[in-house]
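Written out below as structure tokens is the structure these notes cover.
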Amino acid sequence: MSFRAVDYRPGVLLLLDQTRLPTVETYLELRDVEAIAVAIEQLVVRGAPAIGVAAAYGIAVAAHRGLDLATADARLRRTRPTAVNLMWALDRMALAATLDPSPQALDQAAQRIFDEDAAACARIGELGAELIPDGATILTHCNAGALATSLHGTALAVVRAAHAQKKRIRVFADETRPVLQGARLTAWELHRDGIDVTVIPDGAVAHFLGLDMIDLAIVGADRIAKNGDVANKIGTRGVACLCRAHGRPFYVAAPWSTVDLTKKSGTEIPIEMRDPKEVTELKGVALCPPGVLALNPAFDVTPAAWVSDLITERGRTGQPVGLGLAKLSGA
Ligand code: MRU
């Protein structure tokens with residue numbers, strides 16, 4: 001990969017500042033837990049696996065500074081509620097700290113999380129590429145790319161693998177209002193890799209499905225419940241619904257760290273509500289009349305029945321997704 005969303009040297013977390021993409025490519029060097037927590041809250045680093053990796057390094061940074069690890073854990077855990085990879089990574093770091101709380105041991109524990117995520121994403125790419133026909137136009141929503149993971153991405157790992165296999169593919173990246181992860185981030189990383197990408201407005205998805213110009217959709221996930229319901233970026237449920245209405249497959253790609261078997265269904269997944277200003281303003285310029293209310297849920301839940309297949313590094317679930325998850329959970 002020609003870039004890393006998350007990088008680390010002992011005691012220092014480096015984050016590619018995703019709030020400034022696509023115009024400015026700059027890394028922040030963070031040396032304390034509060035700065036890392038704020039960076040996660042403000043979407044400097046975002047995407048479920050990348051948030052988990054950043055938080056893991058956050059615990060290592062806390063150890064280097066001699067901070068109380070339980071306090072650091074609690075602060076990082078409060079940053080974003082929906083992506084379970086955050087809690088999963090912090091649980092792993094807490095366990096590692098009980099065995100050896102030294103900075104060196106926690107550096108290694110966080111690095112293992114990074115490496116395992118990168119390997120999982122590479123495997124997801126291989127397994128998912130089998131679902132991509134030569135000549136396909138692929139719709140994706142939000143950014144489930146290398147910017148959202150250690151390396152490769154999840155949905156975009158599948159795209160990258162199909163491209164590497166010389167399949168002729170074209171990606172439609174919907175804009176993903178209000179934060180524009182599709183327009184700003186997915187388009188940035190695919191264009192940089194020389195993969196054919198076209199940005200479309202969120203509202204144009206039904207139009208292009210109706211014209212038979214989209215063959216399939218593939219997205220990432222922030223949390224997957226035991227029954228296969230999928231929480232992902234707001235708008236994902238609409239994309240899945242439209243794919244179903246037009247008879248097109250809707251695929252989800254996610255590492256096992258995104259699966260939360262403690263949640264029976266999607267109704268139990270906490271949905272982050274973000275600042276309404278993300279909806280009512282763009283770079284400080286008003287988009288709505290002053291005083292008008294806005295609601296800004298960051299995620300929605302797609303029912304398992306609308307998911308054609310779920311690709312994890314352990315294998316594909318097929319349908320029904322919940323049954324496939326149960327089989328893979330023993331793998
Ligand atoms: O609010 P974000 O940008 O963190 O939301 C990200 C998404 O919804 C991604 O699709 C998801 O985390 C999967 S990333 C591999």
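Across the accessible surface of the stretch 132-329, with the other protein chains kept in place and a 1.4 Å probe, carbon and sulfur atoms take up 58 percent.
Between E268 and L99, the simple spin-label model (points 7 angstrom out along Cα→Cβ) gives 2.8 nm.
To the nearest 10 degrees, how steeply does helix 236-245 sit against the main Cα axis of the chain, on a 0 to 90 scale? Roughly 20 degrees, rounded to the nearest 10.
About the centre of its Cα atoms, the stretch 6-120 shows a dipole size close to 240 debye [charges on the beta carbon of Lys, Arg (+1) and Asp, Glu (-1) only; nearest 20 debye].
Reported to the nearest whole Å, the Cα centre-to-centre distance from the stretch 223-264 to the stretch 87-132 is 22. Let a ≥ b ≥ c be the square roots of the eigenvalues of the Cα gyration tensor of the stretch 132-329; is it rounded (a/c under 1.5), or, if not, prolate (a/b larger than b/c) or oblate? Taking the square roots of the gyration eigenvalues as a ≥ b ≥ c, the stretch 132-329 is oblate. Using only Cα atoms, find the angle between the long axis of helix 48-64 and the longest principal axis of the chain, and express it within 0 to 90 degrees, rounded to the nearest 10. The answer is roughly 10 degrees. Between V61, A5, A83, the Cα set farthest toward the positive side of the dipole of the stretch 1-90 (charges on each charged residue's Cβ, about the Cα centre) is that of A83. Which net charge results for the neighbourhood of P270, defined as the other residues with beta-carbon distances under 11 angstrom from its beta-carbon, given Lys and Arg at +1 and Asp and Glu at -1? Residues close to P270 contribute a combined charge of -1. For the stretch 111-171, taking Cα atoms only, Rg and Dmax work out to 11.5, 38 Å respectively. One decimal place: the segment Q108-R177 gains 21.1 nm when fully extended, by the rule 0.36 nm per residue minus the C-alpha distance. The residues of the stretch 1-132 expose, per residue, 40 Å² of accessible area to a 1.4 Å probe. Residues of the stretch 148-189 falling in the label zone of A286, defined by backbone nitrogen less than 11 Å from a point 7 Å along Cα to beta-carbon, are absent. When Rg and Dmax are taken over the Cα atoms of the stretch 179-266, they come to 14.3, 41 Å. When peptides 231-242, 33-44 are ranked by their average number of other Cβ atoms within 10 Å per residue, the highest-first order is 231-242, 33-44. Per residue, the accessible area of the stretch 134-204 comes to 32 Å², computed with a 1.4 Å probe over protein heavy atoms only.
Relative to the 2.2 N^0.38 Å rule of thumb, the stretch 6-120 has a C-alpha radius of gyration ratio of 0.96. The helix-only estimate of mean residue ellipticity at 222 nm for the chain, built from DSSP H runs of length n ≥ 4 each weighted as -39500 (n - 2.57), is -11500 deg cm²/dmol after division by the residue total.
Taking the Cα centre of each part, how many Å lie between the stretch 4-82 and the stretch 157-171? Spelled out, the Cα-based centre of one part sits 31 Å from the other. Evaluated with a Cβ-only charge set (Lys, Arg +1; Asp, Glu -1), the stretch 36-179 carries a dipole of roughly 380 debye about its Cα centre, given to the nearest 20.
Axis of helix 103-129 versus longest Cα principal axis of the chain: the two differ by about 10°, to the nearest ten degrees.
Simple spin-label estimate for H207 and A35 gives 4.4 nm between the two label positions (7 Å along the Cα-to-Cβ direction from each Cα). Building the convex hull from the alpha-carbon atoms of the chain and averaging its projection over directions returns 16.3 nm². Considering only I138, V279, L156, the residue lying farthest towards the positive end of the dipole of the chain is I138, judged by Cα position with unit charges set on Cβ. Think of each Lys and Arg Cβ as +1 and each Asp and Glu Cβ as -1; about the Cα centre, that makes the dipole of the stretch 162-261 roughly 140 debye. Within the accessible area of the stretch 6-120, the carbon and sulfur atoms contribute 55%, probe 1.4 Å, all protein chains present.
The values are calculated or read from the model by the stated rules, or taken from the named source; none is laboratory data. These figures come from a predicted structure and were not determined experimentally. Glycine gets a Cβ as well: all are built from the backbone with ideal geometry, and neighbour counts include every protein chain shown. Ligands, DNA and RNA are excluded from the accessible area calculation, which covers all protein heavy atoms including side chains. Shrake-Rupley method; radii C 1.70, N 1.55, O 1.52, S 1.80 Å.
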